[in-house]
Structures are given as structure tokens and as C-alpha cells.
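J.: Would you mind keeping the following structure in view while I ask a few things?
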Amino acid sequence: MSQLDFPRDFVWGTATASFQVEGAAFEDGRGESIWDRFCRIPGKVFAGHNGDVACDQYHRYPEDIRLMKEAGIQAYRFSIAWPRIIPLGTGAVNPKGIAYYRALATALREAGIEPVATLYHWDLPQALQDKGGWENRETAYAFEAYARTCFTELGDLIHQWITLNEPWCSAYLGYGMGAHAPGIQDKHAAVRAVHHLNLAHGLAVRAFRESGKPGTIGITWNIMVHRPATRNEKDRLAAEIAIERDSRMFTGPVCGHGYPRRFLEQAGITIPEQPGDLDIIASPIDFAGLNYYSENVVAWDELTEDHIRFMPTWQEKTDMGWSIVPQGFVRHLRWLSAETGGIPLYVTENGCAQKDVVVIDEHGQKRVHDAGRIAYLRDHFLAMKQALDEGIPLKGYFLWSLLDNFEWAHGYSKRFGIVYIDYSTLQRIPKDSYYYYRDLIAGYGE
Ligand code: GBH
């Protein structure tokens with residue numbers, strides 16, 4: 001028996017997101033998204049990169065599906081671009097957008113790959129941003145109508161839905177720190193966005209139940225279970241409060257525990273909540289998704305009388321500068337399982353950026369060596385195995401990512417794929433990690 005024997009029904013998948021891979025930004029009636037706009041603000045995205053072409057998956061999805069099929073990949077987590085379905089955010093539905101995702105989901109099914117769709121992976125229609133975006137409560141209702149359209153038009157082909165990807169990033173990076181679109185820097189704006197994202201999620205869950213379509217629905221969080229730097233009481237308290245801010249602001253209301261009052265009081269923040277919102281947000285979900293890359297450490301800083309958050313810099317790092325902490329993966333899975341009361345969990349993203357080594361082999365073929373990624377994956381698979389052995393109800397894993405792609409503010413400078421993209425030709429070249437993943441899925445994981 002190998003150390004990496006997983007349950008027979010464990011789902012092995014890969015993940016991508018619309019803006020990061022699709023390209024075809026101006027085709028077939030797609031509307032402008034906040035990322036199209038953000039990419040064009042000088043200095044926001046590495047070297048002024050944008051999503052106009054990306055990996056051109058919009059046209060090349062048959063090849064990507066073939067690559068997945070050949071590796072034995074069982075499920076594909078992609079996201080639906082809201083601006084393709086409803087170009088102005090509200091109102092008219094674009095039939096060509098629906099047709100694209102019907103074709104994609106059909107082709108996946110024909111290849112024996114389960115389509116798993118995320119409804120929102122950050123590409124908000126710009127028309128909604130012009131009216132305040134996630135700061136505006138109306139955006140949550142617009143999302144509900146968009147989600148309903150997806151369930152009606154695609155619900156016969158797609159049976160696993162994820163409402164939002166990492167609302168922490170949408171709210172805090174988009175409206176708080178301004179590192180992501182729409183680039184706003186205001187902590188109060190960020191909290192308004194948090195609440196409206198949570199509300200949007202709850203409204204979509206309710207709409208899914210009302211649709212009567214078969215399948216399951218959940219949400220993906222990048223929860224951060226900060227580890228206190230030491231066992232010292234002040235560090236522990238600082239970490240707890242940082243967990244409230246970074247995780248419980250999202251998991252709390254969805255899991256029916258409400259918002260973390262202690263953090264809100266300390267930060268002097270009020271939630272723009274209306275009666276009944278918390279019931280909507282707490283609509284029961286079928287599963288929770290965890291995106292895990294690294295673990296943060298939190299320490300109390302006497303000088304500023306505030307906490308500081310950092311990654312354990314003494315550990316080895318990926319090309320993102322993120323520390324490699326596989327044991328933190330087990331801790332995150334345990335925390336999420338306790339917080340969600342034991343519902344099924346999926347790892348909806350995990351992987352790493354690497355400086356890949358491209359070489360020409362003796363047959364003149366390009367090969368891509370990424371031993372660091374294989375080591376990262378193996379250590380994280382072992383951590384998942386440990387979590388399963390502890391009885392955590394983990395049902396599947398989606399490797400981020402199938403392809404190198406547009407890494408947000410880093411543009412194309414960071415590569416997360418198990419398939420290499422030559423951006424001058426858009427040629428796909430499976431990396432060594434692709435074959436490693438294929439072996440693992442086949443049951444030869446070591
Ligand atoms: C995911 O975001 C995204 O869903 C995906 O689209 C993206 O390509 C992928 O990961 C890789 O980045 O504040 O410096 O301590 C992950 C985003 C990464 C956000 C870690 C929080 C903490 C870094 N998260 N980050 S820091």
C-alpha cells in the first residue's frame with residue numbers, strides 16, 4: 001500500500017477561472033469586466049498585462065479537455081464570466097454566452113469529466129461597478145438574477161455549483177487594499193463589500209433550491225487560520241482576532257454563527273445589515289470549498305499596539321514568495337470542518353507558482369521540469385491524507401491550476417499550471433507535474 005492511497009470515490013480535479021484563461025474578451029457579446037478596466041490603469045498589473053487573449057481557452061477548450069482526459073482528471077472547476085451571460089450586469093441575457101458554457105459543459109461530460117462551475121471568480125460587470133459594485137446592495141440582487149439564469153440555462157448540464165470564489169479577496173483586496181479590481185482603498189468600503197458578497201451568496205443558494213435543479217451548491221473560501229507566533233497570551237489573542245477578520249467575517253454568517261462581534265467592535269466597523277439578511281446568508285449549503293496555499297503567522301506588536309501578520313519566512317518559499325507549510329493545510333481542514341459542522345469539504349484550489357525549466361529533449365520536443373511543484377504537491381497530498389485519516393469529510397481536490405494563466409496583479413509572470421503555456425504561440429506543454437498527477441490519479445502515487 002502506498003502512503004497516498006485515497007478513498008475510491010475521492011474526486012481528483014483541476015481548476016481555472018474565466019478571466020485568467022478564457023481570453024476572447026471582446027467576442028460574442030461579452031461585456032466589460034472590472035478586470036478589463038483595472039488592467040488598463042498604469043501600474044496596477046505587472047507590465048500592463050491583460051486578459052484579452054490569456055490562454056485562449058474560449059477557442060481552445062477542446063484541447064484542454066483532451067489534456068485533462070489523458071491525465072485521468074475527473075472534474076474541472078471553471079468559472080462562468082458574468083459579463084458573458086449578462087453583459088451589463090442586469091437585464092438582457094446574451095445567448096452566445098450561454099451557448100459557450102453549454103458547449104464547454106457538454107464537451108466535459110462527453111470526456112467523462114464532471115463540470116464544476118463557480119458563478120463569481122472576480123470578473124464583475126463594469127456596468128455594476130459604475131453603480132458602486134459590491135458596496136451597493138443592489139449588486140447582490142443582480143447576482144441573484146444572474147445565478148438564476150445560470151441554473152435555468154445550464155442546470156441540466158452542471159450539477160455542482162460554487163457561488164463565490166474567495167470573497168475575502170473581492171472585498172479586502174478589491175475594496176480595502178486596492179491591489180485587485182476595482183482598486184478601492186477604504187476599510188469601510190471593504191466591509192460593505194463583505195456583507196453584500198455574503199448576501200449575494202445566500203440569495204443564490206436560495207435561488208438554487210427554488211430552481212428545483214439537481215445537484216449541490218457551496219462556496220469557496222480562502223480561510224486563514226492564523227497561527228500565533230508563540231504560545232504567549234498576547235500573540236494568541238491577536239491571532240484569534242485576525243482569524244475573525246479574515247475568516248469568520250465570511251464563515252460566521254454562512255454557518256449561522258453571525259458576524260464576529262469582537263473584531264467589529266475593536267475595528268469600529270458596522271455591517272450594513274438589514275432585517276432577515278442573516279437568515280438568507282445562513283441558507284444551508286451542501287459543501288464548503290477551501291483554497292489553501294500557505295499559512296500565516298500572527299504576532300502582537302507592542303510598538304504599534306496592533307497585530308502583525310506574516311508568513312513563516314524561515315520556511316522554503318514558492319515563486320510567489322509564499323512559505324510552504326503543508327502541516328498548515330491539515331490545521332486549515334480541521335478548522336473548516338469544525339466551523340462548518342462536518343459538512344462535506346472540497347479543496348477547490350491548491351498548488352504553487354514555480355520558475356519552470358524548459359528544455360529541448362533528444363527528440364527536439366520541449367519538456368518542462370518542475371520538481372519543486374511535484375514536491376509541493378506531494379507534501380500537500382500527504383497532509384490531505386492525514387486529514388482524511390482523522391475523519392475529516394474531504395471529498396475531492398482541485399489542483400490550481402490546469403494551465404499557466406493570468407495571475408491577477410502579477411499578470412503572466414507567475415506560473416501555477418501543470419501544463420505550460422508558451423504565450424507567444426499558446427502551445428500547451430504538459431509539465432513533469434502533469435505526469436506526476438496522472439500517476440497519482442491512476443493509483444501510483446508515492
Ligand atoms: C487564489 O487566490 C485565486 O482564487 C486564484 O484565482 C489565483 O490564481 C490563485 O489563488 C493563486 O494566487 O496577504 O501577502 O499574506 C489566492 C489569494 C493568496 C490571498 C494568499 C491571500 C495571502 C498573501 N490568496 N494571500 S498575504
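J.: Taking chymotrypsin sites (Phe, Trp or Tyr not before Pro) as candidate sites, keep only those in a DSSP loop with at most 11 other Cβ atoms within 10 Å, then name the longest stretch of the chain containing none of them.
T.: Here the longest run is 27-313.
J.: Of the options 296, 387, 423, report the single residue whose Cα projects farthest towards the positive end of the charge dipole of region 11-442 (beta-carbon charges: Lys, Arg +1; Asp, Glu -1).
T.: Farthest along the dipole direction, towards plus: 387.
J.: Which of the trypsin sites (Lys or Arg not before Pro) found in region 40-95 are in a DSSP loop and have at most 11 neighbouring Cβ atoms, other than their own, within 10 Å?
T.: Details: sites: 40, 44, 60, 66, 69, 77, 84; in loops: 40, 44.
Sparse-neighbourhood loop trypsin sites (Lys or Arg not before Pro): 40.
J.: Can you give the Kirkwood hydrodynamic radius of region 48-110 from its Cα pairs, in Å with one decimal?
T.: Numbers: mean 1/r = 0.0758 Å⁻¹.
Here the Kirkwood hydrodynamic radius works out to 13.2 Å.
J.: Find, among the GluC sites (Glu not before Pro) in region 335-409, those assigned to loop by DSSP (not H, G, I, E, B) with at most 14 other beta-carbon atoms within 10 angstrom.
T.: Values: sites: 339, 349, 362, 390, 407; in loops: 362, 390, 407.
Qualifying residues, ordered by number: 362, 390.
J.: Considering the zone a paramagnetic label at residue 422 would reach in this model (a point 7 Å from Cα along the Cα-to-Cβ line), which residues of region 18-59 have amide N under 17 Å from it?
T.: Residues 55-56 qualify, since their backbone N sits under 17 Å from the label point.
J.: Now, a different point. Taking amide hydrogens as modeled 1.01 Å from N in the peptide plane, which residues meet the under 5 Å criterion relative to residue 220, leaving out close sequence neighbours?
T.: 163, 164, 166, 289
J.: Along the principal axes of its C-alpha atoms, what lengths does region 381-428 span, in descending order and rounded to whole Å?
T.: Extents along the principal axes: 46, 23, 15 Å.
J.: Set Lys and Arg Cβ to +1 and Asp and Glu Cβ to -1, take the dipole of the chain about its Cα centre, and tell me which of 31, 269, 134 lies farthest positive.
T.: My answer, from the dipole projection, is 31.
J.: With no solvent and one point per C-alpha, what does the Debye sum give as log10 I(q)/I(0) for region 357-412 at q = 0.22, 0.24 Å⁻¹?
T.: -0.98, -1.03
J.: Just to be sure I understand the rule: take each whole DSSP H helix in the chain, project its Cα atoms onto its long axis, keep it if the span is 18 Å or more and its mean Kyte-Doolittle hydropathy is at least -0.5. Which ones pass? Could you put the intermediate results ahead of the total?
T.: Details: long enough: 57-70 (20 Å, -1.72); 95-110 (22 Å, -0.15); 138-154 (24 Å, -0.04); 187-211 (36 Å, -0.03); 326-339 (20 Å, -0.46); 371-389 (27 Å, -0.03).
Helix filter hits for the chain: 95-110, 138-154, 187-211, 326-339, 371-389.
J.: Let me ask something additional. By how many nm would the segment from residue 305 to residue 92 grow when fully extended, if each residue of separation counts as 0.36 nm and the alpha-carbon distance is taken off? Before the final figure, lay out the partial values.
T.: Details: separation 213, 0.36 × 213 = 76.68 nm, distance 5.13 nm.
Between residue 305 and residue 92, full extension yields 71.5 nm more.
J.: What's the carbon and sulfur percent of region 19-86's accessible surface, probe 1.4 angstrom, rounded to a whole number?
T.: The value for region 19-86 is 54 percent carbon and sulfur by accessible area.
J.: Where q = 0.08, 0.13, 0.14 Å⁻¹, what log10 of I(q)/I(0) comes from the Debye formula for the chain, counting one point per Cα?
T.: With no solvent term, the Cα-only Debye profile gives -0.42, -1.23, -1.46.
J.: With Cβ to Cβ distances under 9 Å as the rule, what net charge do the other residues near residue 440 carry (K, R +1; D, E -1)? Write down the numbers at each step before the final one.
T.: Values: positive: 378, 438; negative: 439, 446.
Neighbour charge sum, excluding residue 440 itself: 0.
J.: Can you tell me the accessible area per residue over the chain, all protein chains present, probe 1.4 angstrom, in square angstrom?
T.: Per residue, the chain has an accessible area of 38 Å².
J.: Could you please state how large a percent of the accessible area of region 325-446 is carbon and sulfur, counting protein chains only and using a 1.4 Å probe? Numbers along the way, then the final one.
T.: Details: 2270 of 4450 Å².
Within region 325-446, the accessible surface is 51 percent carbon and sulfur.
J.: Rank 56, 156 by accessible area, highest first, at a 1.4 Å probe radius? Intermediate values should be presented prior to the final figure.
T.: Working: 56 20, 156 85 Å².
Sorted descending by solvent-accessible area, the residues read 156, 56.
J.: Can I ask one more? Can you show me the helix-derived [θ] at 222 nm for the chain, built from DSSP H runs with n ≥ 4 at -39,500 (n - 2.57) apiece and divided by the number of residues, rounded to the nearest 500. Before the final figure, lay out the partial values.
T.: Values: 15 runs with 160 residues, N = 446.
Result for the chain: -11000 deg cm²/dmol, rounded to the nearest 500.
J.: How many lysine pairs in the chain, separated by 8 or more positions in sequence or lying on different chains, have Cα atoms less than 16 Å apart?
T.: 10
J.: Probe 1.4 Å, all protein chains in place: accessible area of residue 382 in Å², nearest 10?
T.: 50
J.: OK, next. Please report the carbon-and-sulfur percent of the accessible area for region 259-313; probe 1.4 Å, protein heavy atoms only, DNA, RNA and ligands left out. Spell out each step's value before the answer.
T.: On the way: 1450 of 2780 Å².
C and S fraction of accessible area: 52 percent.
J.: Out of the trypsin sites (Lys or Arg not before Pro) in region 281-355, which ones are loop residues according to DSSP with at most 11 other C-beta atoms within 10 Å?
T.: Details: sites: 309, 317, 331, 334, 355; in loops: 355.
Sparse-neighbourhood loop trypsin sites (Lys or Arg not before Pro): 355.
The values are calculated or read from the model by the stated rules, or taken from the named source; none is laboratory data. This is a predicted model, so every value here is computed, not measured. So basically every Cβ, Gly included, is an ideal-geometry build from the backbone, and we count neighbours across all protein chains shown. Surface areas here come from the heavy atoms of the whole protein model, side chains and all, with no ligands, DNA or RNA. Shrake-Rupley method; radii C 1.70, N 1.55, O 1.52, S 1.80 Å.
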